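Scroll down for the structure; my scribbles are underneath it.
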Amino acid sequence: MPASVTDDPYAGVPRTSAVRFLYAMNPLAKMAAILPAVVLLVFVRDLATPIAFLALAYLVLIVGVSLSIRAVAVLLLAVPGAILVLGFGFSLWTDAALVANTHPVLQIGAWTLYSGALQIGFATGLRLGAILALSLIPGLSTTGPDLVRACVQQLRVPYRIGYTALAAFRFVPRFGHELEIIRQAHRVRGAHRGRGPIASLRRWVSYIVPLLAGAIRHAERVALAMDSRAFGAYPDRTERHLVPFRARDVVFMVLFWVVSAALLALFFPWAPPV
């Protein structure tokens, strides 16, 4: 029996019920499922189509992902807030001469905000929000190691490239941890006291040298560890944790494509205005 993606001790996938089906899907299947909708949404100009895809993405996320408090805040506050800000911002950015034949909504002195500008702005904001929500489907249910393994196992990406990129990606949290240690050490020693932007800038400059020294030491240790494990000695390598591409991945992709095609056919945003 092949190892499951949830057997990886470094993947960090939460143990959830079978209803949260997205965790058990292949990362490439989730990305391939949303890709056509994401590409086609770039060329959509109406309001209804991005709203429909936004609702579809929210439905899949609510059913298929065990949402944390941070994820709920992103879905309920960050995404709608970004849509409002972007929509209003693009409305102000729209050339008034292009929508001068529409109904004026707000007038301040010689400046007029037309309903056509609001429609263009919020259509753009909703389009970006729908693309972001669709991207959260693989984003909230996929770990970096699983994505690399899937690329190596299914897409035949050379493992030298995939695992090197993964090792570099894992440097980021380690750098954050080392930066916090350096800051605490400086605070204990009482270095660079004071407040204000100049003192803050001096503190951050003083962090650079010890942080770079730690990064170089860590990179050397990682390189020695990879060499000792004969990394790159053979054209292929065996995998302890497999990320299989099952029939349910194909079913999920086809169903998502069918629903996406049905929404596009229903609203058909490229139809000429009547």
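Using the crude model of +1 on Lys and Arg Cβ and -1 on Asp and Glu Cβ, and no other charge, please compute the dipole size for the chain relative to its Cα centre, in debye to 20.
1100 debye
For His241, enumerate residues with amide H under 5 Å from its amide H, sequence gap 5+ or separate chain, H modeled in the peptide plane.
Excluding prolines and chain starts, which carry no amide H, there are no hits.
For Gln107 paired with Ile181, estimate the spin-label separation in nm (one decimal), with each label point 7 Å from Cα along the Cα-to-Cβ line.
Once both label points are built, they end up 6.7 nm from each other.
Measure nothing but the geometry: give the 0 to 90° angle between the long axis through the Cα atoms of 197-228 and the longest principal axis through the Cα atoms of the chain, rounded to 10°.
60 degrees
Using only helices, what value at 222 nm comes out for the chain when you add -39,500 (n - 2.57) per DSSP H run of length 4 or more and divide by the total residues, to the nearest 500 deg cm²/dmol?
Rounded to the nearest 500, the figure is -21000 deg cm²/dmol.
Rounded to two decimals, what ratio of Rg to Rh does the range 36-179 give with C-alpha atoms and a Kirkwood Rh? The partial results should precede the final answer.
Values: Rg = 20.4 Å, Rh = 18.1 Å.
When Rh is taken as the Kirkwood radius, the ratio is 1.13.
If you line up the long axis of helix 115-139 against the longest principal axis of the chain, both from Cα atoms, how many degrees apart are they, to the nearest 10?
Long axis of 115-139 versus the principal axis of the chain: about 30 degrees.
Karplus couplings for the range 31-43 from phi (6.51 cos²θ - 1.76 cosθ + 1.60, θ = phi - 60°), rounded to Hz, Gly and Pro as x?
Listing the rounded values in order: 5, 5, 5, 8, 4, x, 5, 5, 5, 5, 5, 4, 9 Hz.
Rounding to the nearest 10 and keeping the result within 0 to 90°, find how far the Cα-based axis of helix 247-267 lies from the longest principal axis of the chain.
Around 20 degrees separate the two axes.
Say we join alpha carbon atoms closer than 10 Å with springs in a Gaussian network model of the chain; which of Ala223, Ala117, Ala48 then has the biggest fluctuation?
Among Ala223, Ala117, Ala48, the largest GNM mean-square fluctuation belongs to Ala223.
Given R₀ = 35 Å, FRET efficiency for Leu84-Asp236 by Cβ-Cβ distance, to 0.05?
Between Leu84 and Asp236 the formula returns 0.10.
Would you compute the Debye intensity of the range 166-210 from its alpha-carbon atoms alone, equal scatterers and no solvent, and pass along log10 I(q)/I(0) at q = 0.24, 0.33 Å⁻¹ to two decimals?
-0.85, -1.17
For Leu113, which sequence-distant residues (separation of 5 or more, or a different chain) have an amide H within less than 5 Å of its own amide H, given hydrogens modelled in the peptide plane?
Residues meeting the amide H criterion: Val105, Leu106, Gln107, Ile108.
For the chain, set up a Gaussian network in which alpha carbons nearer than 10 Å are linked by springs, and say which option among Leu22, Leu76, Leu132 fluctuates the most.
Among Leu22, Leu76, Leu132, the largest mean-square fluctuation in the Gaussian network model of the chain belongs to Leu76.
Do any trypsin sites (Lys or Arg not before Pro) in the range 183-215 lie in a loop, going by DSSP, with at most 15 other beta-carbon atoms within 10 Å of their beta carbon, and if so which?
In loop regions of the range 183-215 (DSSP not H, G, I, E or B), the sparsely surrounded trypsin sites (Lys or Arg not before Pro) are Arg193, Arg195.
Rounded to a whole number, what % of the accessible area of the chain do carbon and sulfur atoms account for, probe 1.4 Å?
It is 70 percent, rounded to a whole number.
Take each of the peptides 105-111, 95-101, average the number of other beta-carbon atoms within 10 Å over its residues, and list them starting from the highest.
Averaged packing, sorted descending, gives the order 95-101, 105-111.
Given a Förster distance of 22 Å, report the FRET efficiency between Arg229 and Ile208 from their Cβ-Cβ distance, rounded to the nearest 0.05.
Given R0 = 22 Å and the Cβ-Cβ separation, E is 0.10.
The values are calculated or read from the model by the stated rules, or taken from the named source; none is laboratory data. Every value quoted in this text rests on a predicted model; they were computed, and no experiment measured them. Please note: Cβ atoms are built from the backbone with ideal geometry, for glycine as well, and neighbour counts cover all protein chains shown. For accessibility, only protein heavy atoms count, side chains too; no ligands or nucleic acids. Shrake-Rupley method; radii C 1.70, N 1.55, O 1.52, S 1.80 Å.
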